Amino acid sequence: SREWHLLSRPVGWPKPDDFALVDAEIRQPGPGEVLVRNKYLSVDPYMRGRMSAAKSYAAPFELGKAMQGGAVGEVIASGAEGMAPGDHVLHFGGWREYATIDAQHAVKVDPDAAPLSTYLGVLGMTGLTAYAGLLRTASFKEGDSVFVSGAAGAVGSQVGQIARLKGASRVIGSAGSDEKVKLLVEEYGFDAAFNYKNGPVSEQLRDAAPDGVDVYFDNVGGDHLEAAIGQLNQGGRIAVCGMISVYNNTEPAPGPKNLTRLIQTRGRIEGFLVGDHYDLQPQFVAEVGPWIRSGELKYRETVVEGIENNLEAFLGVLRGDNTGKMIVKL
Ligand code: NDP
């Protein structure tokens, strides 16, 4: 069985030398444990944070040990009651081919109800992030005009479409290529979209949202956040989900220069973590599941094959190689 270890903590952009793909023994499950053969692995931007030693909401990955992450696989041996070979589970033993895990930290998933990879994306953690951040943190209501950055990614593409399906007056997205921008408008039903690499975000957002923004869902930070504050309407709300533009910075990023606009608009900025909102999971699946099945909410996945390409897939997320959820298929 092969697994990815972190050898040294990256400074700036992670380098291949910071990691190693290592052979490991497969450990048979003890009482209360299951042995899982992984089929799909998740790579996510937050993993960059766990590669650093800095204190955060998730503990740093330990050097010289297998990294962790979301994964879906098939149980091949079980020492746990209620789990049997052939069951499929969602768990946290990613970055490896085989995982021996505490069954209490594994959730059974149904391969007949939805494709297995979707439990990592559109029906999983990134989907719930979109749902909770938009509806709870940003207090979205019908008639709001919504701007989302990282809009062709896993979280962002779902934010924009949930907003549209729940009656937003206007949905605006930004992404890093003309092809992604086209997808947002033509396939996902955004009213306007722009490529942030084609010109200043503030100017492009002003053109795309002439009547301002009631909700900004921030996946990017930096000049996107400053531009959104500049276009914020009275009573506007900004949900800070992520700030991918600064994750590889070695110096603290400068803050927005226009925060006084929050006083004028009585605007609110609030960060959130999906981990605090799992109480919404049943409601999320009940509401969004049918939209996915009917095709009203569309999704893409970018699938990279092979454990040996797990690291490249992760680096690809930071570069923007993905459209929708980045998945590693074993
Ligand atoms: P995505 O699928 O959106 O992939 C990341 C995308 O970020 C890339 O595809 C790339 O697209 C874009 N990107 C990379 N660098 C930059 C940059 N400098 N400026 C603008 N865009 C950039 O990932 P996720 O959907 O999984 O995550 C989206 C955000 O949500 C991340 O910030 C993540 O940390 C955060 N998150 C937060 C959670 C929480 O609980 N708060 C939970 C899950 C995710 P492009 O081609 O458009 O540049």
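The values are calculated or read from the model by the stated rules, or taken from the named source; none is laboratory data. Because the structure is predicted, anything quoted here is derived from the model rather than measured. Note: ideal-geometry Cβ built from the backbone for every residue, glycine included; neighbour counts use all protein chains shown.
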Quiz item: Across region 98-109, which residue is farthest from residue 158 (Cα to Cα) among those that are under 22 Å from the mean Cα position of the chain (by Cα) and surrounded by fewer than 19 Cβ atoms within 10 Å (Cβ to Cβ)?
Solution: 105
Exercise. Tell me the strands (runs of 3 or more DSSP E) entirely within region 93-156 that contain at least 2 residues that are at pLDDT 95 or above and either within 16 Å of the ligand (Cβ to nearest atom) or within 18 Å of residue 327 (Cα to Cα) (or both).
Key: 98-102, 145-148
Quiz item: For region 259-297, which residues satisfy the criterion of being outside any helix (DSSP H, G or I) and within 16 Å of the ligand (Cβ to nearest atom)?
Solution: 269, 270, 271, 272, 273, 297
Practice problem: Quick one: residue 256 ticks every box in (1) within 11 Å of the ligand (Cβ to nearest atom); (2) surrounded by 13 or more Cβ atoms within 10 Å (Cβ to Cβ); (3) assigned to a loop (DSSP other than H, G, I, E, B) except a single one, so which number is it? | Solution: (1)
Exercise. Would you check if residue 121 is surrounded by fewer than 19 Cβ atoms within 10 Å (Cβ to Cβ) and either more than 26 Å from residue 159 (Cα to Cα) or touching a residue at least 60 places away in the same chain (Cβ under 8 Å) (or both)?
Key: no
Self-check item: Selection within region 299-315 - under 21 Å from residue 5 (Cα atoms) and free of Cβ contacts under 8 Å to residues at least 40 places away in the same chain
Solution: 304, 305, 306, 309, 312
Quiz prompt | Whichever residue in region 305-330 is part of a loop (DSSP other than H, G, I, E, B) and within 16 Å of the ligand (Cβ to nearest atom) and, among such residues, is surrounded by the most Cβ atoms within 10 Å (Cβ to Cβ) | solution = 322
Quiz item: What are the residue pairs meeting all of these: first residue in region 261-280, first residue among the hydroxyl-bearing types (Ser, Thr, Tyr), second residue away from the ligand (no atom under 14 Å from the Cβ), Cβ atoms under 8 Å, and 6 or more apart or on different chains?
Solution: 265/232; 265/233; 265/234; 265/235; 265/236
Quiz item: Out of all the residues in region 186-197, is one or more of a type in the set (Phe, Trp, Tyr), within 15 Å of the ligand (Cβ to nearest atom) and under 17 Å from the mean Cα position of the chain (by Cα)?
Solution: no
Exercise. Might you check whether a residue that is in contact with an Asp or Glu (Cβ under 7 Å, 6 or more places away or on another chain) and away from the ligand (no atom under 16 Å from the Cβ) occurs anywhere in region 224-233?
Key: yes
Quiz item: Does region 237-251 include one or more residues that are exposed (fewer than 13 other Cβ atoms within 10 Å of the Cβ) and closer than 19 Å to residue 150 by Cβ?
Solution: yes
Quiz item: Going by the conditions given, is residue 36 free of Cβ contacts under 8 Å to residues at least 60 places away in the same chain and either assigned by TED's automatic domain parsing to the domain that holds residue 219 or in a strand (DSSP E or B) (or both)?
Solution: no
Practice problem: Might you check whether a residue that is closer than 23 Å to residue 261 by Cα and either among the aliphatic types (A, V, I, L, M) or not assigned by TED's automatic domain parsing to the domain that holds residue 46 (or both) occurs anywhere in region 127-134? | Solution: yes
Quiz item: Limited to region 52-109, what total is found for residues that are in contact (Cβ under 8 Å) with a residue 60 or more places away in the chain and among the aliphatic types (A, V, I, L, M)?
Solution: 6
